Amino acid sequence: MASRADRERAAMVDRLRGRGISDDRVLDAMRLVPRERFVPRGVAGAAYQDNPLPIGLDQTISAPLIVAFSAAAVQAGPDAHVLEIGTGSGYGAAVLSRCHRSVVTIERHAELADRARTVLESLGYDNVEVRTGDGALGVPDRAPFDGIVVTAMAEDGPPPALLEQLAPDAALVCPVGRHGSGTLSRFRNGREENLGAVAFVPLVTGGAR
Ligand code: SAH
């Protein structure tokens, strides 16, 4: 019998489809990853609502639509090795890990990175590596990447190190703007495409903490 969470996830996937998400690998991942395990217990009952939720340290788990949209927008295949900047809860990394061969995710708050690593391990996501550090520098020792998803807003465009760590023809998806609002952009082969308006917490550069 389907649990309440299973039913809520199925309904969430229907809404995502209605909002234009059509990538089946992404929708399948969203149907399987237990979002309630990535949020603090106090807000677990709201895990399948269509909004971001607080995860501590002034950070948020992104709304399901933005996680699905970013995962689809990076347009990387099942064999891809992808990088996520801003692990936060680890939920986005879990979704990416179901869509791709391997995922490296980096978070500047050690406490969030440790928590995300623990949840991902307990759920058996063994193709995700969680790092603590400044994601603006990328993860050079694991580059090149077949896709990069940035989940925090960069003020002045994507950090140059990330563009350098992209494999040829691979895409970098990054929100660009100030004070939390801007546009989600896709960068590939030196070209930039605007994918729509978004709100995100800021990308804070200059060291982990
Ligand atoms: N993908 C996350 C969303 C997290 S919000 C999820 O699914 O839950 C963005 C995260 O980016 C925050 O946790 C924030 O601490 C982190 N962040 C901001 N600047 C960063 C940087 N320079 N390097 C790494 N992480 C950063």
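Since every read-out is calculated from the coordinates, none of them should be taken as a lab result. These numbers were taken from a predicted model, which means no experiment stands behind them. Every residue, glycine among them, receives a Cβ derived from its backbone with ideal geometry; neighbour counts consider all protein chains shown.
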Subset of segment 175-209, residues more than 13 Å from the ligand (Cβ to nearest atom), under 16 Å from ALA136 (Cβ atoms) and among the aliphatic types (A, V, I, L, M), comes to VAL176
Picked from segment 34-52 (must be in a loop (DSSP other than H, G, I, E, B) and free of Cβ contacts under 8 Å to residues at least 24 places away in the same chain), the residue surrounded by the most Cβ atoms within 10 Å (Cβ to Cβ) is PRO52
Checked segment 105-144 for anything over 26 Å from PRO34 (Cα atoms) and more than 10 Å from the ligand (Cβ to nearest atom); matches are VAL139, PRO140, ASP141, ARG142, ALA143, PRO144
Note on segment 145-174: residues without any contact (Cβ under 8 Å) to a residue 60 or more places away in the chain, more than 13 Å from the chain's Cα centre (by Cα) and either part of a loop (DSSP other than H, G, I, E, B) or within 10 Å of the ligand (Cβ to nearest atom) (or both) are ALA154, GLU155, ASP156, GLY157, PRO158, PRO159
Here the residues within segment 54-76 that are over 14 Å from THR151 (Cβ atoms) and either part of a strand (DSSP E or B) or within 13 Å of the ligand (Cβ to nearest atom) (or both) are PRO54, GLY56, LEU57, ASP58
Picked from segment 1-33 (must be touching a helix residue (DSSP H, G or I) at 6+ places or on another chain (Cβ under 6 Å) and in a loop (DSSP other than H, G, I, E, B)), the residue farthest from ALA76 (Cα to Cα) is ARG19
>> Suppose the filter is touching a strand residue (DSSP E or B) at 6+ places or on another chain (Cβ under 7 Å), buried (at least 18 other Cβ atoms within 10 Å of the Cβ) and over 20 Å from PRO54 (Cβ atoms); does GLY196 pass it?
In response: no
Exactly one of GLY180, GLY135, GLY196 is small (Gly, Ala, Ser), within 17 Å of the chain's Cα centre (by Cα) and closer than 22 Å to HIS81 by Cβ, and that residue is GLY135
Counting only residues that are of a type in the set (Gly, Ala, Ser) and surrounded by 12 or more Cβ atoms within 10 Å (Cβ to Cβ), segment 1-33 contains a total of 3
Of the residues in segment 121-152 that are farther than 17 Å from VAL201 by Cα and in contact with a helix residue (DSSP H, G or I) (Cβ under 6 Å, 6 or more places away or on another chain), the one that is surrounded by the most Cβ atoms within 10 Å (Cβ to Cβ) is ILE148
Per the list (1) under 17 Å from VAL139 (Cβ atoms); (2) free of Cβ contacts under 8 Å to residues at least 40 places away in the same chain; (3) basic (Lys, Arg), residue check on ARG9 breaks on (1)
Does at least one position in segment 27-34 carry a residue that is under 16 Å from PRO175 (Cβ atoms) and within 12 Å of the ligand (Cβ to nearest atom)? no
For segment 95-106, pairs from a residue that is assigned to a helix (DSSP H, G or I) to a residue that is more than 14 Å from the ligand (Cβ to nearest atom) and of a type in the set (Lys, Arg), with Cβ under 6 Å and 6 or more apart or across chains, are CYS99/ARG25
